[in-house]
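Structure, as structure tokens:
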Amino acid sequence: MDIARRRFVADGYARTSISAIVREAGVAQGTFYLYFKSKEQLLGHLRREVLIDYLDALKAGSTGEGTADTRLLAGIDAIHARVEHHRELVRVFRQAATGEESEVQVIQGRRSLARPLAGLIRDGQ
């Protein structure tokens, strides 16, 4: 996964081949297909990893002592740090998706993050 992530960022989605990824990883191409049906599915897995990282950052940042407002701000700050960390990979996600796919992915990601954020806002009423 680290090699795929690095290759996508360095070479772009379109120019990164499964062959290049598995060659650098030192595994057979058939091994790749035991885990993923396609390059698109691999990229989808990376998208899910990034979203989970955002959610984990929110949870870690907003857990603990303090008012709901303080915890909300800490959670948002934590997400912001992770967004910075994933910035180049997110750019690859946008390049790889059609306009409609990209919009759907953004909406799904926002919904996933909105639920816990809404809970913190409700707690701070």
Residue 38 fails exactly one of (1) modelled with pLDDT of 90 or more; (2) within 22 Å of residue 111 (Cβ to Cβ), namely (2)
Within segment 59-75, residues out of contact with any Asp or Glu (no Cβ under 6 Å at 6 or more places or on another chain), closer than 15 Å to residue 121 by Cβ and either in contact (Cβ under 8 Å) with a residue 24 or more places away in the chain or aromatic (Phe, Trp, Tyr) (or both) come out as 62, 67, 69, 71, 72, 75
Scanning segment 13-27 residue by residue, the ones that are open to solvent by 60 Å² or more (accessible area, probe 1.4 Å), part of a loop (DSSP other than H, G, I, E, B) and not β-branched (Val, Ile, Thr) total 3
Per the filter on segment 47-63, residues hydroxyl-bearing (Ser, Thr, Tyr) and touching a helix residue (DSSP H, G or I) at 6+ places or on another chain (Cβ under 6 Å) are 54, 62
From the option list 92, 106, 83, single residue qualifying as assigned to a helix (DSSP H, G or I), surrounded by fewer than 17 Cβ atoms within 10 Å (Cβ to Cβ), within 12 Å of the chain's Cα centre (by Cα) and in contact (Cβ under 8 Å) with a residue 12 or more places away in the chain is 83
Taking segment 48-58 and keeping only residues that are under 18 Å from residue 93 (Cα atoms), surrounded by 13 or more Cβ atoms within 10 Å (Cβ to Cβ) and free of Cβ contacts under 8 Å to residues at least 60 places away in the same chain, one is left with 49, 50, 53, 54
For segment 21-32, pairs from a residue that is in contact (Cβ under 8 Å) with a residue 12 or more places away in the chain to a residue that is in a helix (DSSP H, G or I), with Cβ under 6 Å and 6 or more apart or across chains, are 21/3; 21/4; 21/7; 24/3; 25/3; 32/18; 32/22
Taking segment 1-12 and keeping residues open to solvent by 30 Å² or more (accessible area, probe 1.4 Å) and touching a residue at least 40 places away in the same chain (Cβ under 8 Å) leaves 1, 5, 9
Exception for residue 68 within (1) open to solvent by less than 30 Å² (accessible area, probe 1.4 Å); (2) within 28 Å of residue 16 (Cα to Cα); (3) over 14 Å from the mean Cα position of the chain (by Cα) falls at (2)
Of the listed residues (66, 119, 44, 75), the one being assigned to a helix (DSSP H, G or I), touching a helix residue (DSSP H, G or I) at 6+ places or on another chain (Cβ under 8 Å) and not polar (S, T, N, Q) is 75
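The values are calculated or read from the model by the stated rules, or taken from the named source; none is laboratory data. What you are looking at is a predicted structure, and each value in this text was computed from that prediction instead of being measured. Using ideal geometry, Cβ is built from the backbone for each residue, glycine included, and neighbour counts are taken over all protein chains shown. Side chains are part of the model used for accessible areas, which takes the heavy atoms of the whole protein and leaves out ligands, DNA and RNA. Shrake-Rupley method; radii C 1.70, N 1.55, O 1.52, S 1.80 Å.
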